[in-house]
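The values are calculated or read from the model by the stated rules, or taken from the named source; none is laboratory data. None of these values were measured; they are calculated from a predicted model. Note that we place each Cβ from the backbone using ideal geometry, even for glycine, and neighbour counts take in every protein chain shown. Just so you know, the surface numbers come from the protein's heavy atoms only, side chains and all, with ligands and any DNA or RNA stripped out. Shrake-Rupley method; radii C 1.70, N 1.55, O 1.52, S 1.80 Å.
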Amino acid sequence: MIPFNISCGHCWMCVRGLQSQCETTQVREQGSGASLLGFSELYGSVPGGQAEFLRVPHADYGSVKVGHELPDERYLYLSDILPTAWQGVKYADVPDGGTLAVFGLGPVGQFAARIGRHFGQRVIAVEPVAERRAMAERHGIETLDFTKDIGDELREMTDGRGPDAVVDAVGMESHDSPLGAFAQNAVNMLPEALAKKAMETAGVDRLTVLHAAIDSVRRGGTISLSGVYGGTASPMPLLNMFDKQIQTRMGQCNVRNWTDELLPIVEDPSDPLGVMDLMTHTIGIDEAPAAYEKFQKKQDGCIKVIIRP
Ligand SMILES: NC(=O)c1ccc[n+]([C@@H]2O[C@H](COP(=O)([O-])OP(=O)(O)OC[C@H]3O[C@@H](n4cnc5c(N)ncnc54)[C@H](O)[C@@H]3O)[C@@H](O)[C@H]2O)c1
């Protein structure tokens, strides 16, 4: 199993469990953290894993040896979404017996919600797509559709206060964010060099979910961002955040920091996180372009696709 972030294992950051900030592979010319497999120049333009062969820098540290007896899906998600969700829920720091709200039930949100349950939390997940809510409900998770009154709905379910913590597993591609969507579409229409400059200086995310998280979380609660944001000029309600005393944690996942804890859980025959109930489609690599479209448009009940090269 190969993590999506590339880390050396021995620098100042890695020994402190901050592998996504690895000082050996940091992309200094972009001012970014550790290099990532399969990302844009922001994270080093290292060719990614959706290929028949993969060159793996620092493979002596990053690679995790796994068994052959169990199906691949037991281990596959360790490279990215499972530790991402695990870190998101740990950063959410829900008190014992507390309530976690998870926004978004894509692969990351599905796991975040199940991990919250695994830790004994009450979990309420918010997701507009019905089959994604149905999958979460199979794992003991309460669900809500996304509406503009979602903060009120969550407060009603939590003694008027709001959940102790919120994991945002949506990020900058949330639905229902007309202003951010307009800004992103406008940038997409610019020539490449101008678009890059526009994103670096005035990029605006779709903020519906982040703003809903700020509204929903209880006073003194925590917001944990697993979903990726990339705007440099996204407006934030700082008055509200300060007044509510909200704590926020975020960042790329430090994959290798969590794999030793997660390995016995994915190998547990009882499958406590339900890793065998996530994949909806398996395809060959030649079918990938069409599958990307299906995934993006959420057609055909598509939640998680596994590509077998
Ligand atoms: N931090 C990390 O290291 C890391 C690693 C992997 C993925 N990610 C990020 O995590 C996020 C989720 O990844 P994924 O693979 O699950 O993506 P996904 O696109 O499958 O899931 C996002 C889900 O959010 C839902 N959604 C959209 N608008 C919503 C709204 N207004 N309210 C509630 N739900 C809404 C969508 O219907 C979808 O089910 C992405 O931003 C991804 O880039 C981060």
Which residues, taken from the stretch 1-57, are more than 30 Å from D286 (Cα to Cα) and of a type in the set (F, W, Y)?
W12
When the stretch 6-31 is checked residue by residue, the ones that are within 13 Å of the ligand (Cβ to nearest atom) and surrounded by fewer than 20 Cβ atoms within 10 Å (Cβ to Cβ) are L18
Output the residue which, of all residues in the stretch 248-281 that are away from the ligand (no atom under 16 Å from the Cβ), among the acidic types (D, E) and over 27 Å from L18 (Cβ atoms), is least open to solvent (accessible area, probe 1.4 Å).
D271
So which pairs qualify, if the first residue must be in the stretch 129-157 and hydroxyl-bearing (S, T, Y), the second must be open to solvent by 50 Å² or more (accessible area, probe 1.4 Å) and more than 14 Å from the ligand (Cβ to nearest atom), the Cβ gap must be under 9 Å, and the two must be at least 6 apart or on different chains?
T143/E137
I'm told V123 meets every condition in (1) open to solvent by 20 Å² or more (accessible area, probe 1.4 Å); (2) free of Cβ contacts under 8 Å to residues at least 60 places away in the same chain; (3) β-branched (V, I, T) except one. Can you identify the failing condition by its number?
(1)
When you check A202 against the structure, is it more than 12 Å from the ligand (Cβ to nearest atom), at pLDDT below 65 and in contact with a helix residue (DSSP H, G or I) (Cβ under 7 Å, 6 or more places away or on another chain), yes or no?
no
For L210, which of the numbered conditions (1) under 24 Å from L239 (Cβ atoms); (2) modelled with pLDDT under 95; (3) among the aliphatic types (A, V, I, L, M) fails to hold?
(2)
Quick check on G106: is it over 16 Å from D271 (Cβ atoms), surrounded by fewer than 24 Cβ atoms within 10 Å (Cβ to Cβ), away from the ligand (no atom under 16 Å from the Cβ) and small (G, A, S)?
no
Taking the stretch 50-85 and keeping residues over 19 Å from C22 (Cα atoms), among the small types (G, A, S) and buried (at least 16 other Cβ atoms within 10 Å of the Cβ) leaves A85
Being farther than 26 Å from G17 by Cβ, of a type in the set (K, R) and more than 11 Å from the ligand (Cβ to nearest atom) narrows it down to one of R122, R114, so name that one.
R122
Going by the structure shown, is P3 surrounded by fewer than 19 Cβ atoms within 10 Å (Cβ to Cβ), in contact (Cβ under 8 Å) with a residue 24 or more places away in the chain and part of a loop (DSSP other than H, G, I, E, B)?
no
Are any of the residues in the stretch 213-228 open to solvent by 60 Å² or more (accessible area, probe 1.4 Å), assigned to a helix (DSSP H, G or I), in contact with a helix residue (DSSP H, G or I) (Cβ under 7 Å, 6 or more places away or on another chain) and of a type in the set (D, E)?
yes
